[in-house]
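Report on one structure; see the data block that follows.
The values are calculated or read from the model by the stated rules, or taken from the named source; none is laboratory data. None of the values given here were measured: they were computed from a predicted structure. Because the Cβ atoms are built from the backbone with ideal geometry, glycine has one as well, and the counts that use them run over all protein chains shown. In case anyone asks, the SASA skips ligands and DNA or RNA and just uses the protein heavy atoms, side chains included. Shrake-Rupley method; radii C 1.70, N 1.55, O 1.52, S 1.80 Å.
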Amino acid sequence: MADALPLLRVREVSKSFGAVAAVRDVSFDLYGGEAHALVGENGAGKSTIVKMLAGVHRPDTGSIELDGTGQDLGTPADAKAAGIAVIYQEPTLFPDLSVAENIAMGRQPLGRFKTIDRAAMVRQAAQLFARLGVSIDPNRPARGLSIADQQLVEIAKALSADARVVVMDEPTAALTGVEVERLFAVARSLRDDGAALMFISHRFEEITALCERVTIMRDGRHVSTDLLTDITVDEMVRKMVGRDLGALFPKQDVAAGAVALKVRGLSRDPVFKDVSFDVRAGEIVALAGLVGSGRSEVVQSIFGVDPRDTGTVEVVGKTLKPGSPKQAMAAGVALVPEDRRQQGLLMELSIERNVTLPRSRSLSQLGFLTGNRERREAKEWTQKLKTKYGRLSDNVGTLSGGNQQKVVLAKWLATNPKVLIVDEPTRGIDVGTKAEVHRLMSSLAADGVAVLMVSSELPEVLGMADRVLVMREGRLVAELDRSEATEESVMFAATGQEATL
Amino acid sequence: MTAVELPAPHRSSLDVVLRARELGIVLALGILVLVTTISNPRFLSGQSIRDILLNTAILAVLAVGQAVVVITRNIDLSVGSVLGLSAFTVGTLLQNDNLPVVLALLVGAGVGVVCGAVNGVIVRYGNVPALVVTLGTLYVYRGITYFWAGGQQINADELPAGFLDFGNATLLGVPYLVVIALLVLVITGVVLRNYRVGRELYAMGSSPQAARLAGIAVGRRTIGAFTVSGALAGLAGVLFAARFGTIDAAAGTGYELNVVAAVVVGGVAVFGGSGTVWGAALGALLLTTIGSALAVLEINQFWQQAIVGGLILLAIGADRLVAVRVAASLKKRGSHVSN
């Protein structure tokens, strides 16, 4: 199926941003009629490779060859002209323009006097959608399309440009199962028509379902390129992380101390009812349950960002007023929220500002924030957490997902919490950073911090928690000791029926 | 994968809504004219209509240029000052020489091209919001005019008769000024709607980031849009000189706000990406008509500002309402997998 000669060759490309080398001497080949996966942890340099192919960044050294001739991809227009189409995780459409116009932008069919032939443009779009087997009205504006449909429009765009190389940067991150299936069907037909496909994803089951070949990157370097038939998922993970995964759940045994967080009869109609539990110093307690069972709402109510109807919360013997995050923070509670982009970080502000934000009061002198103290504190904590960044003054938004999560953690750990509440601490971050976050939680517990963790990932719950609290439909239905907690017992409690695992 | 039936191309709901948007202005205009005429039939006299059209012509030329800039998610506040500088330049030239009218128009537009290009270059390379840049050049261009004029005023009797005739003469009963405004409107409207360049301006305003990734020369188009706005402001300066005959350094002061108001009332979204120059021109006509109607209805002129302000709020409110409705209806029309 695949051609013998590579369609696109990436040869020893390097790219640095300031002092940070994002990509170093990476080479790989893409073949027509083949889907090629590019995997690596967050910050391994995948996105930089994509941007080089898209003409957004120009490689510092090295070259990109198409059909054996070197390409100078200095602008997105160059990449487009060379037949490379890039589909980003967040589609880049023009919301005010019609779907047909989005597809044809820059290549609109022309009629008399070089005017745009709208009828032909709409017809072309309709034909492309027919070929893709989807029905999107070409006349409707792009505004309001679901992410999945937007990606299909992007693919139609690539088709209309006769793109021979199609790069998809984590296209499935925001899609549902059915939508992923549809996307893959389209991707396969593109591939079978002879296009070279490059596919980036964190999900191995998708990679094995779609791709023939995989290139693994780590720390900006090329690790290996293999046929997927020659490599197992375990091997891929090991190559990505560069170490064994045995250390993914580095739980230390700690003797639990005094009760640090005491929750009694917490209710908020209709989200949760009569929730009572304790967390002791040095303990990691997981709050498990299905999505929507009320876990996040409980912890937000404890922290005071959500209201509560009845019930009491005590932190080290001190009763917290409802609805006062300020008092909760003063009492030593820290909450690392679920959605770091919306709730955890101010994406437009610098790393140091984000880290020191909850303590801007204690760091200020006579009411003024002096840059030095902020910088010193921020440096200390980001180093402790091994955060990778260019400069402390860079916007947090420029960091990779895993590093953003570390900044959120640094922000709250710097407040020296007695009770640390983490909501889905490792969602959307890569395996290596996951292990680091777990190690951090474990060492915090060893230092006597009480950790309450909300998590939907069973391996994380089982690997990290001393005790597992299971919620179902707003009620606490089970409390399982580390020795009792198994996938079956947790799922049974969470669903209320015998799990078929 | 099997082929699906091609959906029959039909007018999208958004298209219909946009049409309705301009229909709204026409309707408001109709009601205004009707009410005013009932109260005072002189409102529809030939002279009154002529005055309205002549004043609209100048405002509409400016509004068309402004719409081009606003569609790209920018704004040009310097148009009043450019109009003043152009009018004074042309007036000074005509004091000494009897230039043909066409040449005068070209000189005025040329002054505007330079001013507009300066705006565009600063916005493009300075990476400064257009609001700030053109607020700065508003004062700079006006300052240059004041410095040059030094308190001197050009009067109608100093201008060649041919030029003043041009301000009043008609072509088949239509004043030249209106003919020029219509030409500007039609050409700009067609370019924006039917040419790639025009669509790229909409694309830039709709999503600057996507425009860059789509390979659109965003920088060049930005400079281009400001240059067009400048050129039209310069042209409007010549029309202003021909219509009023008296030019001092303060000519066109405060016009920029009328222009922006016309564009907004005409349905051009301030965040770019949508709206038409037809709407902007209709907005100019509506605002001018309100001014005349208030005079005829013997309503205090001071009310005019409050009414214009209310109209702007109404226009923005209507747009917001429509946007919410459209968004809701579009969400429902997702795609379906065909088998």
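Heavy atoms of chains A and B lose about 3400 Å² of accessible surface on contact, summed over both sides with a 1.4 Å probe.
Counting Cβ atoms of other protein chains within 10 Å of each Cβ in A:119-128 and taking the mean gives 2.
When each of the peptides A:440-450, A:78-88 is scored by how many other beta carbons lie within 10 Å of its residues on average, the order from highest to lowest is A:78-88, A:440-450. Taking the inverse of the mean reciprocal distance over all distinct Cα pairs, the Kirkwood hydrodynamic radius of the stretch A:1-85 comes to 13.2 Å. What is the projected area of the convex hull of the Cα atoms of the stretch A:187-310, averaged over all directions, in nm²? Mean projected area for the stretch A:187-310: 12.8 nm², to one decimal. Residue separation of residue B:303 and residue B:97 scaled by 0.36 nm, minus their Cα-Cα distance, works out to 69.9 nm of gained length. Here the contact order of chain A, divided by its residue count and restricted to Cα pairs under 8 Å and six or more residues apart, works out to 15 percent.
Taking the square roots of five times each eigenvalue of the Cα gyration tensor of chain B, the equivalent ellipsoid has semi-axes of 36, 26, 18 Å, listed largest first. Figure legend: label point modelled 7 angstrom from the Cα of residue B:23 along Cα→Cβ; residues of the stretch B:271-307 with amide N under 16 Å from it are B:279. The distance from the alpha carbon centre of the stretch A:382-442 to that of the stretch B:136-189 is 63 Å, rounded to a whole number.
Note on chain B: GNM, Cα springs under 10 Å; of B:298, B:200, B:256, the largest mean-square fluctuation is that of B:298. Can you tell me the relative contact order of the stretch A:369-501? Whole percent, Cα pairs under 8 Å, sequence separation 6 or more. Reported as a whole number, the value is 16 percent.
Residue A:83: net charge of surrounding residues, Cβ under 12 Å, Lys/Arg +1, Asp/Glu -1, itself excluded? With Lys, Arg at +1 and Asp, Glu at -1, the net is -1.
Applying 1/(1 + (r/R0)^6) with R0 = 35 Å to the Cβ-Cβ distance of residue A:276 and residue A:384, what FRET efficiency is obtained, to the nearest 0.05?
Details: r = 34 Å, r/R0 = 0.99.
In this case the efficiency is close to 0.50.
Among the listed pairs A:321/A:406; A:239/A:411; A:239/A:434; A:326/A:411; A:157/A:239; A:46/A:386, a Cα-Cα separation exceeding 25 Å is found for A:321/A:406; A:239/A:411; A:157/A:239. Computed on the stretch B:43-315, with alpha-carbon pairs under 8 angstrom and 6+ residues apart, the relative contact order is 38 percent. How much net charge surrounds residue A:457 when only the other residues with a Cβ under 10 Å from the Cβ of residue A:457 are counted, with Lys and Arg +1 and Asp and Glu -1? Within the 10 Å Cβ shell, the charges total 0.
Of the residues B:101, B:179, B:324, the one that moves most in a GNM of chain B with alpha-carbon contacts below 10 Å is B:324.
Add +1 for every Lys or Arg and -1 for every Asp or Glu among the other residues with Cβ under 15 Å from the Cβ of residue B:219, and state the total.
+4
Just to confirm my numbers, what's the Cα centroid distance between the stretch B:21-88 and the stretch A:260-295 in Å? Computed from Cα coordinates, the inter-centre distance equals 64 Å.
Here the dipole of chain A is about 1880 debye; that uses its Cα centre as origin and unit charges on the Cβ of Lys and Arg (positive) and Asp and Glu (negative). Hull volume per residue, based on the alpha-carbon atoms of the stretch B:231-339 and their convex hull, is 153 Å³.
For chain A, the direction-averaged projected area of the alpha-carbon convex hull comes to 27.1 nm².
The equivalent ellipsoid of the stretch A:122-181 has semi-axes of 18, 15, 10 Å, largest first, where each one is the square root of 5 times an eigenvalue of the Cα gyration tensor. Taking a temperature of 10 °C and a viscosity of 1.306 mPa s, what whole-number D in µm²/s does Stokes-Einstein yield for the protein assembly as shown with Rh from Kirkwood over alpha carbon pairs? D = 51 µm²/s.
Which percent, nearest 5, of DSSP beta bridges in the protein assembly as shown are antiparallel? If I count the DSSP bridges inside the protein assembly as shown, around 55 percent turn out antiparallel.
Could you report chain B's accessible area per residue, 1.4 Å probe, as an integer in Å²?
Details: 15760 Å² over 339 residues.
In whole numbers, chain B has 46 Å² accessible per residue.
Of the complete DSSP H runs in chain A, none spans 24 angstrom or more by Cα along the long axis with a mean Kyte-Doolittle score not below 1.0.
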